[in-house]
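Before any comments, here is the structure.
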Amino acid sequence: TTATMCRPTTSPSCCVNSNTRQLSEQKEEERILFVSMFVQDSHVQDFTHELHRSPTSAEIMAELKALGAVSGPMVLTGLLLYCRAIISMIFLGRLGETELAGGSLAIGFANITGYSVISGLAMGMEPICGQAYGAKRWRLLGLTLQRMVLILLTAVLPILLLWLNMEKILIFCGQDEAVTKMAGRYIMFTIPDLLAQGILHPLRIYLRTQNITFPLACTAAVAVVLHVPINFFLVEILNMGIAGVAVAAAWTNVNLVISLLCYVCLSGVYKKTRDAEVIITVGCREYFSGWTQLLKLAIPSCVSVCLEWWWYELMIIFCGLLINPKATVASMGILIQTTSLIYIFPSSLSVGVSTRVGNELGANRPGGARRAMIVALCCASVLGFMAMTFANSIRYSWAKLFTRDPDILTLTSMALPVLGLCELGNCPQTTGCGVLRGSARPTLGANINLGAFYLIGIPVAMAAGFLLNFGFVGLWIGMLAAQASCLGLMLYHLFRTDWSLQAARAIELTSSDQYSTRSADTQQTIMNMDPEGEALVSLPTTK
């Protein structure tokens, strides 16, 4: 239908308002027309009602059960892997001060240049796998797993070049030569661990997006139980020193990979997601068709993860510029360990809501995806209050578990209340990141992290810490500003989401390997959506 132009009148505002109303009405008509291409006509009116009503108590309980089935085992997995990291640090500490400093330096370098990149890239497969499972596109799950493993193993190559030259880089940056030498020895023996991570991350995502999380907890438990004797054997019996701790960490992750592969093979999970023809005939058109879409999700996911990981490393560097840098760096290390422990809970909830949102969108149930978001954010708010209460309750006792130094104890007790406030915002925003991953919007998450942490957080931290002389606490005030702004931006975008259009995007995403017969106009519309799912080009109108 051709829009009727508004005629000039003596009141220009009337013309503007009329055109605005017409544009708004046309946009709503286009949205309904677009959604109707993917659902039966009899269901179009149900979408609007479903996407604007509050969930019932029965729906809330059902969603809590579904979230718990995914997130519960992931909490256990996270706690077990946290224990593994503590065990490694204990064995490093037993070797001596230089070994502990060298190992810590190597782990920090590995996190910045390697593990953050691998973890972030792997998250790119999460929306595809979650939505493919919901859409019952089993073959796409298997193809995405294969592709991501190859992407990560390729990404390992430039990382290895950095690791092999780590000593030169750290010495150039002014690090102590003895500590740097220890760090170089540690990271050389960590290389097998990097390769194992390139397989481990995709395997975990492949399973948890299918709501299979309990085996992840079981294999993690076995790996952690074996981690202690492996460390003892390599460090104490073979006297491998710092190299033994690095080899033990790699060995444990290799055990995890082998355990998960055994589960996948013995349980038969792989049977419905494999495609023998695609695996054997590598020249098949389908095998090469989905890489671009995966990379478009993986690269922004990587940027988002790296921006957040690198923030904490920057805070440690800033601590070294304050008065009494040894105490401030040590206190920051204790507080980062504390946040890592607390982070396990919202991170697990984030994994759960990402899976639920992806499954619901893939199954073309946008109302279910919206409901999962609402319930998860409410749970995250409760977690935030619990984390804040925990941080305040341990204010004067927590640091005593690590040291008796009075300066470190004072700094830690001063910063813990601010840390608690940070967690009040961090828990919901971490969960919000899961919603964005599940709905295939990693670019939006990366932009939010960039703006919140680097355009707001760092300037506030520098101003509060150095200009206003708040010192160590000032850096955490910067973190609080970053978390608050991140949460605000996240909630703003989440509650503006058009879930019906996100479901349509999910259908196109999971059909990318199936050569959908959708019209070129429909495909063009989906490809030209902004991060909120709003079409940037108009649908063909009826003449």
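Every read-out reported here was derived from the displayed coordinates using simple, explicitly stated rules and does not represent laboratory data. Please read all numbers here as calculations on a predicted model, not as lab measurements. Ideal geometry is used to build each Cβ from the backbone, glycine not excepted, and the neighbour counts take in all protein chains shown.
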(message) Suppose R0 equals 56 Å. What FRET efficiency, 1/(1 + (r/R0)^6) with r the Cβ-Cβ distance, do K181 and H52 give to the nearest 0.05?
(response) 0.35
(request) Net charge near R185: determine it from the other residues with C-beta under 11 Å of the C-beta of R185, scoring Lys and Arg +1 and Asp and Glu -1. (result) -1
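Mind ranking 260-266, 146-152 by how tightly packed they are, going by the mean number of other C-beta atoms within 10 angstrom, highest first? Provide the component values of the computation, followed by the final result.
Numbers: 260-266: 14.6, 146-152: 20.4.
So the peptides 260-266, 146-152, ranked by packing, come out 146-152, 260-266.
So which trypsin sites (Lys or Arg not before Pro) in region 390-427 are both in a DSSP loop and have at most 12 other Cβ atoms within 10 Å of their Cβ?
R404
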(request) Find the all-direction average of the projected area of the Cα convex hull for region 344-398, expressing the result in square nanometres with one decimal place. (result) 3.6 nm²
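Would you mind counting up the charge near I87? Only other residues with Cβ under 14 Å from its Cβ, with Lys and Arg at +1 and Asp and Glu at -1.
Details: positive: R84, R94; negative: E236.
That sum, taken over residues with Cβ under 14 Å, equals +1.
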(request) Net charge near S301: determine it from the other residues with C-beta under 11 Å of the C-beta of S301, scoring Lys and Arg +1 and Asp and Glu -1. (result) +2
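For region 53-289, what number of Lys pairs, 8 or more residues apart or on separate chains, have alpha-carbon atoms under 26 Å from each other? Write down the numbers at each step before the final one.
Values: K65/K136; K65/K272; K136/K271; K136/K272; K168/K181.
Number of lysine pairs found: 5.
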(request) Rank-order 480-486, 310-316 by packing density, defined as the average count of other C-beta atoms within 10 Å over each peptide's residues, highest first. (result) 480-486, 310-316
(request) Could you work out the mean projected area of the convex hull around the alpha carbons of region 349-505, in square nanometres to one decimal? (result) 9.6 nm²
(message) Once you place label points 7 Å from the Cα toward the Cβ at I237 and N211, how far apart are they in nm?
(response) 4.4 nm
(message) Can you compute the modelled spin-label distance between M61 and I258, with each label point 7 Å from Cα toward Cβ, in nm?
(response) 4.6 nm
(request) Return the whole-Å distance between the Cα centroid of region 161-194 and the Cα centroid of region 196-251. (result) 22 Å
(message) Taking 25 Å as R0, compute the FRET efficiency from the Cβ-Cβ separation of I169 and T403 and round it to 0.05.
(response) 0.25
(request) With a 10 Å radius around each residue's Cβ, average the other Cβ atoms per peptide and rank 299-307, 334-342, 68-76, highest first. (result) 299-307, 68-76, 334-342
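Could you work out the equivalent-ellipsoid semi-axes for region 53-289, taking the square root of 5 times each eigenvalue of the Cα gyration tensor, largest first, in whole Å? Mind showing how you got there, number by number?
Working: eigenvalues 254, 98, 58 Å².
Over the Cα atoms of region 53-289, the ellipsoid semi-axes are 36, 22, 17 Å.
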